[in-house]
Amino acid sequence: MSTVRLFLFVTLLAGSRTYAIPLTSQQTDIYADEQNDKMGNPYLNLGAKTPLIEGDIAIPAGRNALINTAFRWKFPIPYILTDSLDLNAKGAILQAFEMYRLKSCVDFKSYEGGKTYIKFEKKDGCWSMVGDQQTGQTLSLGDGCDHKAVIEHELLHALGFYHEQSRSDRDDYVDIWLDQVLPGLEHNFNKYDDSFITDLNTPYDYESLMHYRPYSFNKNDSIPTITTKIPEFNNIIGQYLDFSALDIVRLNKMYNCSSPLTLLDQCAFEYISICGMIQSPSDDAKWVHTLGSMGTEGRPVAGRYRDAGYFMHISTNEGTAEQSAVLESRILYPKRSFQCLQFFYKMTGSPQDRLVVWMKMDDGTGEVRKLRKMHTFWGDEDHNWKIAHVPLEVAVKFRYAFQGVRGDPAQSRGGISIDDITLTETRCPAAVWQIRNFSHILETSDHNTILTSPRFYSNEGYGFGVTMRPHSDYVDYTGGFTGFFFHLASGENDGTLQWPALNRQATITVMDQDPDVKLRMSSARSLTTDIRQTPDGKVFWDNPSKVGKYDPNCQCYRGASRGWHSFIKHYDLHRRSYTKNDDLIVFVDFEDLTSLIKTEVPADPQERLQ
């Protein structure tokens with residue numbers, strides 16, 4: 001395979017350190033995940049033997065789960081992960097649970113008895129019942145269903161939701177071409193009146209995770225069965241990136257959620273109240289609420305060409321060295337004992353400038369005054385916006401704080417800025433690949449271009465990396481795609497690690513950079529390592545020093561890559577906030593799933609599964 005060499009730089013922020021690292025043209029063997037490297041509709045289940053309506057709904061006739069509150073769940077929802085599931089599906093289910101917790105009050109727990117539960121099984125496709133059937137129920141994740149967004153979709157059915165195009169008013173927004181539907185499958189386009197389902201007083205949502213794709217149940221591959229009255233939405237309906245904004249509104253309305261479970265705080269500084277953050281009048285410097293513009297300090301609100309918004313800034317080109325200002329959050333009350341503080345920062349002053357992240361905790365008396373320094377960021381020659389993650393581990397009430405410290409005002413021409421803070425009760429990503437000038441990469445690369453990330457390390461110590469093809473070989477009716485592929489890399493811990501590296505789940509996430517985490521529609525895919533072999537008979541996930549190719553850029557061996565040509569549409573990259581400030585941000589995790597190999601527990605004998 002030929003490659004095109006690109007002489008440009010990316011910024012890597014993994015943990016707390018920042019590096020400028022050249023992208024390489026390292027040649028690597030790339031393999032697709034056969035079951036998931038396609039963009040066909042996973043909800044059609046054309047070969048399923050289970051009686052289904054609308055492609056993926058198994059429901060007893062006459063039950064109205066959406067309107068009838070008797071079929072609403074009580075939280076947390078008990079679940080069983082049967083051992084018929086692929087290991088990758090088990091990990092993806094837990095990822096989907098975390099997205100529900102992050103964006104709603106919906107919660108889940110392992111089954112401990114009782115007549116109500118969801119039993120995840122590998123059956124004939126991706127399907128679910130609608131609402132709590134109150135006798136235990138199956139949610140099927142067959143081949144190709146081990147995708148976070150697919151699982152979110154099926155769980156929305158289980159929570160009581162039908163497909164978007166089933167609404168009584170759907171004919172105002174879409175056209176259904178029944179003459180193009182496979183014979184005998186026309187019933188999949190039924191609509192229901194508002195005595196059966198309700199839209200919860202929300203507008204029609206073309207972007208809903210619950211909407212059909214244009215070519216659903218079509219008999220001619222080139223002719224759609226559903227088109228939108230506003231043509232621009234034809235390329236949007238049927239997305240399965242993540243929940244849409246209205247999906248979350250409806251979910252929270254249905255279950256009377258007042259706030260998400262694992263979102264503690266977020267702030268984009270767009271209002272003068274600055275999200276309740278405070279400063280001490282005794283500081284000898286000050287964080288200033290600042291309105292930026294393109295070409296200055298501010299991050300664009302959304303997309304490459306939007307006007308810049310507000311951010312917080314401390315000037316370091318005035319005053320004296322070691323003067324500082326502290327910006328503190330309001331008091332927060334965690335439910336878990338681990339958190340991740342994510343934010344963007346920019347340092348345009350001297351290399352001696354410092355941005356220090358502090359945590360102030362309950363000292364045991366009820367007063368929040370016990371200090372702990374979490375991390376220090378130093379100025380450098382890179383004056384671009386960077387993303388940062390700081391892990392916190394606190395189980396008592398606390399505040400987080402940003403201290404900006406002037407290093408050498410005589411050598412400074414700027415200062416320190418922070419923006420788009422998100423604090424969640426989740427784990428921080430193991431690695432972050434921040435790719436600069438992504439639009440230029442798309443414009444100047446072709447199908448032979450391969451970009452390779454730096455080497456990262458997992459929490460266990462495995463080295464790994466990501467390969468990106470800006471223009472993959474996959475196309476559909478919306479246009480081209482960017483592909484992402486995961487590989488192992490040799491590293492300093494290889495002598496003590498277990499090889500081959502089996503039963504580990506690699507997750508690649510392209511971040512939607514919307515300031516509101518509830519509105520982000522990040523694209524994520526996962527694969528789990530197994531005993532498979534490469535075409536030349538090598539164990540795919542063995543030590544890269546044995547089965548890989550040497551890369552002089554990292555002075556390491558890189559194994560073959562496995563992933564998805566269809567990872568993300570170029571259309572989606574342009575329409576949402578994936579390339580804010582023209583940076584594409586990629587998160588990568590590599591987690592041990594060995595504990596999930598045996599998870600099945602029996603339901604109570606008197607229970608009857610439908």
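The values are calculated or read from the model by the stated rules, or taken from the named source; none is laboratory data. Since we're looking at a predicted model, the values are computed, not measured. Neighbour counts run over all protein chains shown; Cβ positions are idealised from the backbone, glycine included. Just so you know, the surface numbers come from the protein's heavy atoms only, side chains and all, with ligands and any DNA or RNA stripped out. Shrake-Rupley method; radii C 1.70, N 1.55, O 1.52, S 1.80 Å.
Couple of notes before you dig in:
- Centroid-to-centroid, using Cα positions, segment 233-265 and segment 326-385 are 29 Å apart.
- Among the trypsin sites (Lys or Arg not before Pro) within segment 223-254, those in coil by DSSP and having at most 14 neighbouring Cβ atoms inside 10 Å are Lys229.
- Under 11 Å, Cβ to Cβ, from Lys335 - net charge with Lys/Arg +1 and Asp/Glu -1: 0
- Neighbour cut-off at most 11 other Cβ (10 Å), DSSP loop, trypsin sites (Lys or Arg not before Pro), segment 544-610: Lys598, Arg608
- Net charge of Cβ neighbours under 12 Å - reference Leu85; Lys, Arg +1; Asp, Glu -1: -1
- Segment 123-273, relative contact order in percent, only Cα pairs under 8 angstrom and at least six apart counted: 21 percent
- Set of lysines with alpha-carbon distance to Lys346 below 16 Å, sequence-local pairs under 8 removed: Lys386, Lys580
- For GluC sites (Glu not before Pro), the sites in segment 354-395 that DSSP calls loop and that have at most 10 other Cβ atoms within 10 Å are Glu381.
- Inter-part distance where segment 409-438 and segment 511-578 are each reduced to a Cα centre, Å: 23 Å
- Sites His383 and Leu332, calculated FRET efficiency, Cβ-Cβ separation with R0 30 Å, nearest 0.05: 0.45
- Relative contact order of the chain: 17 percent, from C-alpha pairs under 8 Å at least 6 residues apart in sequence.
- Between the alpha-carbon centres of segment 155-196 and segment 75-135 there is a gap of 25 Å.
- Charge dipole (debye, nearest 20) of the chain; +1 at Cβ of Lys and Arg, -1 at Cβ of Asp and Glu: 920 debye
- Accessible solvent surface per residue of segment 230-379, calculated while the other protein chains remain in place, 1.4 angstrom probe, Å²: 47 Å²
- Taking the 1.4 Å solvent-accessible surface of the chain as the whole, the part contributed by carbon and sulfur is 50%.
- Taking the longest Cα principal axis of the chain as reference, the axis of helix 87-103 is set at about 70 degrees.
- Taking every protein chain into account, the accessible area of segment 443-557 amounts to 37 square angstrom per residue (probe 1.4 Å).
- Only protein heavy atoms count here; under a 1.4 Å probe, Val368 has an accessible surface of about 30 Å².
- Subset of Lys74/Lys191; Lys90/Lys119; Lys253/Lys518 violating a 21 Å alpha-carbon distance limit: Lys74/Lys191
- With Cα atoms, 0 to 90° folded angle of helix 148-159 axis to the chain main axis: 60 degrees
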